Amino acid sequence: MKLRHHSRADKIDLQMTPMIDIVFQLLIFFIFTLKIVSPEGDFNIKMPVAAANVSAAPTETPTLRLRLQANDEGQLTALKLGDTVFSGENRFRDLHLAIRDLVSDAGGPGSASDQEVEIDADYDLHYGNVIRAITAISGYIEGGQRHSLVEKVRFTPPKAE
Amino acid sequence: MRVTSGKRLDPIELDMTPMIDMTFQLIAFFMVALNFSEADIDQRVNLPGSELAKPPDVAYQEPITIQIAKDGVIVFGMGDVNLAGLKTGLLREAQMIRSFGDKKNIKDVTVIIRADQTVRTGLVQEVIKACQDAEFENFALRSKQSEDSVLVGG
């Protein structure tokens, strides 16, 4: 019977070549567009323009002033918190410990979030130092947990060049 | 003869299945690893590192990215601008957000600042000032995550 003869046809031979061509094209495309980037994170700062007349409503904790002095090359030459000068190899570490003392001295929980630090940096200072300073004052990681110290950070208005 | 019959073998049939399996696996991997958000990352910016930097828990409602490259070039929107150009661009952006009326609030906008670590701080402050003049008030200073503490060393 003819019908039966049809059912005994050879196995259909799939053409693999075009598919593999396309698949390799895709593979090459994705390999070349892949770029490994290190993850990025943010420091959030709320700085409304009215910050200049904040003194009209004094808070319980006075604003700390962090002074970052730089030389012409943008290197950090002096690091001062209020009147305390930090120097030497581990000045950022010392600044961090000072802030930690300050926050724990201030008493119970919640006081840290009221503390405000104003960063007064020289125009030429390399920006990386500012991020280090913000890292030092804003918190620390201990046992995989992030503890925050001072959350409110703001900058002084830009100085003349 | 046996030897001659051996020569008359059928063409060898390669088993394609495992190869195609692996290739699709690879494609799937590279597709997932492809990061489209790189579109607004300028290669000239080498971010400062910080061990505390962690990606935001929730995506910003209205992000605006300003990048400052090594040589002090400001990248805003589609191209390089100078400080005056940035100011105009920000004012235009602010005006556009206001024109949305109640749907968008300028207070919800977060300005993401991606500045190179060797850029002068004064320039960053001027950029922040320009944003404040356009009434933006939330800022996110971006840095790359580092494993080691950046506090160690002078």
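Values quoted throughout were computed directly from the atomic coordinates according to the rules given, and no laboratory measurement underlies them. Owing to the predicted nature of the structure, the values given are computational and were not obtained by experimental measurement. Cβ placement follows ideal geometry from the backbone for every residue including glycine, while neighbour counts extend to all protein chains displayed.
So here's what we get for this one:
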| item | result |
| --- | --- |
| Residues with amide H under 5 Å from that of residue A:81, placed H, sequence gap 5 or more | A:67, A:86 |
| Excluding exposed DSSP-loop GluC sites (Glu not before Pro) (at most 15 other C-beta within 10 Å), longest clean stretch of chain B | B:14-146 |
| FRET efficiency estimate (nearest 0.05) - Cβ-Cβ, residue B:92 to residue B:62, R0 25 angstrom | 0.95 |
| Residue A:159 paired with residue B:13, simple spin-label distance in nm, labels 7 Å along Cα-to-beta-carbon | 8.1 nm |
| Least to most buried among B:83, B:90, B:26 (fewest other Cβ within 10 Å first) | B:83, B:26, B:90 |
| Shielding by other protein chains, B:136-146, mean Cβ within 10 Å | 6 |
| Estimated FRET transfer efficiency (residue B:28, residue A:145; beta-carbon r; R0 35 Å; 0.05) | 0.50 |
| Inter-label distance, nm, simple model (7 Å from Cα along the C-beta direction), residue A:97/residue A:25 | 6.4 nm |
| Square roots of five times the Cα gyration tensor eigenvalues for chain B, Å | 53, 21, 15 |
| Point-charge dipole on Cβ atoms (K/R +1, D/E -1) for segment B:40-145, about Cα centre, debye to 20 | 60 debye |
| Pair residue B:100, residue B:44: separation of 7 Å Cα→Cβ label points (nm) | 2.9 nm |
| Sequence of B:114, B:44 once ranked by neighbouring C-beta atoms within 10 Å, starting from the fewest | B:44, B:114 |
| Net lengthening on full extension, residue A:14/residue A:118 (0.36 nm per residue, minus Cα-Cα) | 30.3 nm |
| Sequence-distant lysines (8 or more away, or on other chains) whose Cα lies within less than 24 Å of residue A:46 | A:80, A:152, A:159, B:54, B:87, B:103, B:104, B:107, B:129, B:144 |
| Chain B, relative contact order in percent, only Cα pairs under 8 angstrom and at least six apart counted | 29 percent |
| Exposure proxy order (Cβ contacts within 10 Å, fewest to most) of B:31, B:96 | B:96, B:31 |
